[in-house]
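Here the structure is laid out as structure tokens; the discussion comes afterwards.
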Amino acid sequence: MHEDELAAAEEEYLGSLTTAEAEGDDRAVEAALRPRTLDEVVGQDRVCDQLGLVLEAARQRGRTPDHVLLSGPPGLGKTTLAMIIASEMSAPLRVTSGPAITHAGDLAAILSALNEGEVLFVDEIHRMSRPAEEMLYLAMEDFRVDVVIGKGPGATAIPIEIPPFTLVGATTRAGLLPSPLRDRFGFTAQLEFYEADDLDLIVRRSAGLLEVETTPDGSREIASRSRGTPRIANRLLRRVRDYAQVRSDGVVSQPNAAAALDLYEVDPLGLDRLDRSVLDALCRRFGGGPVGISTLAVAVGEERETVEEVAEPFLVRNGFLARTPRGRIATPAAWEHLGETPREVSPDATLFDD
Ligand code: ADP
């Protein structure tokens with residue numbers, strides 16, 4: 001890009017941010033805070049390094065990059081990376097999601113409308129229907145789909161060529177993908193929760209873009225309560241900014257951040273209401289476990305997927321909950337966090353099953 005093009009793009013970017021801000025639209029603000037290039041991505045160094053190489057090699061060969069699978073809990077940057085892949089390849093991006101593709105025909109329509117080199121982003125790819133998944137195997141490998149016309153013995157499959165494209169799949173549960181699908185991705189990256197230093201940088205970068213004054217201990221306070229997740233860091237920053245503006249001096253300082261986050265029930269370790277109710281149910285209702293995930297989900301009034309994909313990974317990573325072959329159990333840290341004396345889970349304790 002030439003410098004004047006870059007300046008124009010930057011202006012448009014900042015313009016979209018100001019409009020989103022003015023309209024108070026959180027989702028638009030989130031979109032505007034997304035890093036636009038691999039260099040702007042904070043953290044995930046190894047993933048960015050590996051991905052950068054895949055893209056550069058494809059660029060040099062004048063080919064479309066291999067298909068990419070990104071996995072990890074929500075809010076860690078999967079969509080952001082998909083957008084960056086498209087922009088780094090100067091390719092258009094088409095976005096869809098697993099649950100939106102209920103029939104193989106839906107997928108055939110999307111695939112046959114792709115242009116050469118296009119990046120197709122399929123969010124929640126593990127939720128795609130089985131027939132669509134099977135169609136995708138062929139498309140990924142041979143750039144072809146077989147559209148079946150008619151039913152029963154008279155049915156015929158009409159092959160349709162599709163131009164080379166790059167599939168970027170995102171999933172919160174890589175383990176749920178059937179291996180034939182997983183194996184067709186040339187590059188797979190597992191995104192990890194972010195360290196507090198990286199989240200601190202993200203908060204400061206976002207505060208700069210939103211033109212909010214921040215002190216070092218203010219951004220640090222937000223970073224350490226963000227559950228290792230950039231999306232949450234950006235959201236908490238906006239809530240702290242509201243608090244600072246309405247009830248204090250407008251600065252994102254440590255006392256303002258602490259007061260605001262207490263108000264929004266984000267505890268000092270970053271656990272939110274769902275995390276705490278899972279721990280509360282696990283310890284106080286099921287005596288520390290072992291308990292099946294569905295039973296735990298019913299106890300907290302949430303979908304099993306939400307508990308499994310949103311709350312559990314963070315609780316496991318922070319040593320509050322352990323997965324055992326017999327079910328989920330509370331660790332001593334969980335009891336302590338609830339202000340209770342840790343209880344041993346007996347190896348032959350009854351399983352509260354699903
Ligand atoms: P996912 O698709 O994994 O749910 P997103 O890509 O939508 O997550 O990221 C959520 C938000 O977090 C984005 O709007 C972006 O602003 C921010 N974000 C994610 N990853 C990073 C990162 N590595 N550096 C800076 N900001 C990030």
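The values are calculated or read from the model by the stated rules, or taken from the named source; none is laboratory data. Just so it is clear, the structure is predicted and the values come from calculations on it, not from any experiment. Every residue, glycine among them, receives a Cβ derived from its backbone with ideal geometry; neighbour counts consider all protein chains shown. To get the accessible areas, we keep the full protein, side chains included, count just its heavy atoms, and leave off ligands, DNA and RNA. Shrake-Rupley method; radii C 1.70, N 1.55, O 1.52, S 1.80 Å.
Structure above, values below:
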| read-out | value |
| --- | --- |
| Filtered residues of the range 122-139 (kept if open to solvent by 10 Å² or more (accessible area, probe 1.4 Å) and within 18 Å of Ala86 (Cα to Cα)) | Asp123 |
| Arg144 being in contact with a strand residue (DSSP E or B) (Cβ under 9 Å, 6 or more places away or on another chain) and open to solvent by 60 Å² or more (accessible area, probe 1.4 Å) | yes |
| Matching entry among Pro131, Pro73 (being within 14 Å of the ligand (Cβ to nearest atom), more than 18 Å from Phe185 (Cα to Cα) and in contact with a helix residue (DSSP H, G or I) (Cβ under 9 Å, 6 or more places away or on another chain)) | Pro73 |
| Elements of type helices (runs of 4 or more DSSP H) in the range 282-351, at least 2 residues being touching an Asp or Glu at 6+ places or on another chain (Cβ under 7 Å) | 293-300, 312-317 |
| Residues within the range 234-252 that are out of contact with any strand residue (DSSP E or B) (no Cβ under 8 Å at 6 or more places or on another chain) and either more than 16 Å from the ligand (Cβ to nearest atom) or under 17 Å from Pro313 (Cα atoms) (or both), tallied | 8 |
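Each row is one residue, and each column tells you yes or no for (1) buried (at least 17 other Cβ atoms within 10 Å of the Cβ); (2) under 13 Å from Ile329 (Cα atoms); (3) in contact (Cβ under 8 Å) with a residue 24 or more places away in the chain.
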residue: Leu279; (1), (2), (3): yes, yes, yes
residue: Cys283; (1), (2), (3): yes, yes, yes
residue: Phe286; (1), (2), (3): yes, yes, yes
residue: Val298; (1), (2), (3): no, no, no
residue: Glu303; (1), (2), (3): no, no, no
residue: Val307; (1), (2), (3): yes, no, yes
residue: Val310; (1), (2), (3): yes, no, yes
residue: Arg317; (1), (2), (3): no, no, yes
